[in-house]
1. Taking N as the number of residues in the chain, what value does Rg over Cα atoms divided by 2.2 N^0.38 Å take?
2. Can you give the charge dipole size of segment 130-283 about its Cα centre, rounded to the nearest 20 debye, using +1 on the beta carbon of Lys and Arg and -1 on the beta carbon of Asp and Glu?
3. Check each of the trypsin sites (Lys or Arg not before Pro) in segment 82-173 and keep only those in coil by DSSP with at most 14 other C-beta atoms within 10 angstrom; list them in order.
4. About its Cα centre, what dipole magnitude does the chain give when the only charges are +1 on Lys and Arg Cβ and -1 on Asp and Glu Cβ, stated in debye to the nearest 20?
5. Given segment 59-177 reduced to its alpha-carbon atoms as identical point scatterers, what log10 I(q)/I(0) does the Debye formula return at q = 0.10, 0.13, 0.23 Å⁻¹?
6. Is any residue of segment 69-100 close enough, with backbone N under 19 Å, to a label point placed 7 angstrom from the Cα of ALA249 along the Cα-Cβ axis, and if so, which?
7. Loop by DSSP (not H, G, I, E, B), at most 16 other beta-carbon atoms within 10 Å: where is the longest site-free stretch of the chain for chymotrypsin sites (Phe, Trp or Tyr not before Pro)?
8. Can you check how the C-alpha radius of gyration of segment 139-271 compares to 2.2 N^0.38 Å, as a plain ratio?
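The values are calculated or read from the model by the stated rules, or taken from the named source; none is laboratory data. Bear in mind that the values here come from a model prediction, so they are computed numbers and not experimental data. Cβ placement follows ideal geometry from the backbone for every residue including glycine, while neighbour counts extend to all protein chains displayed. The accessibility values were calculated without ligands, DNA or RNA, using every heavy atom of the protein model including side chains. Shrake-Rupley method; radii C 1.70, N 1.55, O 1.52, S 1.80 Å.
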Amino acid sequence: MASVFHRAQLAVPVACILILGCVLPLAVLVVFSVFEVDLDAFTLVPAFSGQSWAQMFANPVFAFLIGKSVVSGAGTALLAALIGYPIAVSMTRLPVLWKGIGSIVLLTPLYTGEIVRIYAWRVVLGSEGLVNAALKWFGVIDEPVKFLLFSPFTTHLVLLYNNLPFMVLAIWISAELIDKRLIEAARDLGARPIDAFFKVILPLTTPGLAVGVFTVFALAAGDMMTPSLLGGTSGATPMAMIDNLFGTAFDWPLASALSLSLLVVLFAFATGFVTILLRFDGARAVFRRGAR
């Protein structure tokens, strides 16, 4: 009984932070979503109306932007997982010194601001940038390649570049926690390297993979700066729409409804992924061990 009470005491600060930082802002959005706007006085009227929700569901643009954001986040997370997984697993086999160097190299891009990284990519991929200059010098092209900048290709390339370190770190930490004796036992019992990977390594690193996918998906799906500065005419996002509705348009009820809808869709995606994740026996074993 004392142990349960002690755990409850430890959970109080965390619960307070979650309530103040997550639950309360969401409650404010819910309340604002049923308000109305008095454009003559530029004030919010607590009318408890569903007008903003009806307006959002009636306009297909909002559904398109939310779907576009989800697809962009999911695609970026999938590519980051495919690229980052072998990098993370390979880093576990490095000597300690090289692991430290690898972590520094991995995190170095994050030491600069997002704006700096975006404009650096504009220099690299622009019409007079390094890539086009190199292609011209080798005689591959005569005119600058236009799709390298202000296109969906550029947007997703930079999203992948910005978020790949989070995927690698999550999987790397998970892979480091694997008991190497399990892999050796599998090999001693006749398992081929590919079998040991799918039967031991992959299931036990699934929690780290899940953390990486959640992180990259949330960051990529919620990124407003990269699509706006690199996407050109294709750079419209629900975040930019929300920012415009809260700011310039002063339509807080519609902005709140759009924000909540986006959160619900992201939550549904996360729930579906967790359901798939829990089908792995190795993942359930890790969770049960963590619960103890």
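1. Working it through for the chain, the quotient is 1.24.
2. 300 debye
3. Those satisfying the criteria are ARG93.
4. The calculated dipole for the chain is roughly 1400 debye.
5. -0.44, -0.70, -1.20
6. Within reach of a label on ALA249: 69-70.
7. By the stated rule (loop sites, at most 16 other Cβ atoms within 10 Å), 139-249.
8. 1.51
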